[in-house]
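Asks: Structure below; questions to follow.
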Amino acid sequence: EAGVTQFPSHSVIEKGQTVTLRCDPISGHDNLYWYRRVMGKEIKFLLHFVKESKQDESGMPNNRFLAERTGGTYSTLKVQPAELEDSGVYFCASSQEGRGDIQYFGAGTRLSVL
Amino acid sequence: QKEVEQNSGPLSVPEGAIASLNCTYSDRGSQSFFWYRQYSGKSPELIMFIYSNGDKEDGRFTAQLNKASQYVSLLIRDSQPSDSATYLCAVRGSTLGRLYFGRGTQLTVWP
């Protein structure tokens, strides 16, 4: 069984550009989470989807971040326009319905904004 | 502000020793507690979870939880060089599904 897959593994963009990160959860997992780790800090929650609905987006830093999960399968996280402080590693995790505590993580996308 | 604090590292132990990793959390309503292991550039891998006070053992790993003290720990017995990684403590809050993470402790097991 495939794990959580994230694309790209690394993205380097200039300030002001747009970047879209993608996450493919484990097949059949209804819960999908986005987290972010900026350098020197802990991994922090961004938002939580249950199927295609946003259950909790209280961790999103500002309106430059837009997450979608069309059809309740894969999810995208768009940053537009990117700022220097958006640099970090963006992790996606997924879990089964009713087992939101057991979250499986992808390897992350390392975003560098120059 | 819900916080998870881990003992500062890095931690270095010889092969065969016991590695002890510690974590405290601020939210008394926390329900679930997790230890993830992360090798450099790889995904965090869940290695232990614990819900009730006491000890939970799985192979060489033992998780310990004390809710009164808001403390959770991970013991690794007979440490191996392959255990060298960053260990992340994570706590699930009293509501919703999000996890709160500590900054991680880097463990090195030297032969």
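The values are calculated or read from the model by the stated rules, or taken from the named source; none is laboratory data. This one's a predicted model, so the numbers in the text were calculated from it and none came from an experiment. Using ideal geometry, Cβ is built from the backbone for each residue, glycine included, and neighbour counts are taken over all protein chains shown. The accessibility values were calculated without ligands, DNA or RNA, using every heavy atom of the protein model including side chains. Shrake-Rupley method; radii C 1.70, N 1.55, O 1.52, S 1.80 Å.
Asks: Compute the distance in nm between two label points, each set 7 Å from the Cα along the Cα-to-Cβ direction, one at B:N7 and one at A:K41.
Replies: 2.7
Asks: Considering the convex hull of the alpha carbon atoms of chain A, report its projected area averaged over all viewing directions, in nm², one decimal.
Replies: 6.6
Asks: Still on this structure, please answer the following. Label segment B:3-78 by shape, choosing from rounded, prolate and oblate, from the square roots a ≥ b ≥ c of the eigenvalues of the Cα gyration tensor; if a/c is under 1.5 it is rounded, and otherwise prolate applies when a/b is larger than b/c, oblate when it is not.
Replies: Since a/c reaches 1.5 and a/b is larger than b/c, the shape of segment B:3-78 is classed as prolate.
Asks: With a 1.4 Å probe and all protein chains left in place, how much of the accessible area of the protein assembly as shown comes from carbon and sulfur atoms, in whole percent?
Replies: So the carbon and sulfur contribution to the accessible surface is 47 percent.
Asks: Can you give the charge dipole size of the protein assembly as shown about its Cα centre, rounded to the nearest 20 debye, using +1 on the beta carbon of Lys and Arg and -1 on the beta carbon of Asp and Glu?
Replies: 320
Asks: Rounded if a/c is under 1.5, else prolate if a/b is larger than b/c, else oblate: which is segment B:64-111, with a ≥ b ≥ c the root eigenvalues of its Cα gyration tensor?
Replies: Prolate is the answer for segment B:64-111, as a/c is 1.5 or above and a/b outweighs b/c.
Asks: How large is the Kirkwood hydrodynamic radius of the protein assembly as shown, counting all unique pairs of alpha carbons, in Å?
Replies: 18.0
Asks: Could you tell me the center-to-center distance, by alpha carbons, between segment A:38-74 and segment B:16-45 in angstrom?
Replies: 22
Asks: Roll a 1.4 Å probe over the protein heavy atoms and report the accessible area of B:Y51 in Å², nearest 10.
Replies: B:Y51 exposes around 80 Å² with every protein chain in place.
Asks: Any chance you could look up the accessible area of B:L107 with a 1.4 Å probe, heavy atoms only, rounded to 10 Å²?
Replies: About 0 Å², rounded to the nearest 10.
Asks: Okay, next question. When the distances between all Cα atoms of segment A:56-114 are binned every 10 Å from zero, what whole-number percent does each bin get?
Replies: 18, 49, 28, 5, 0
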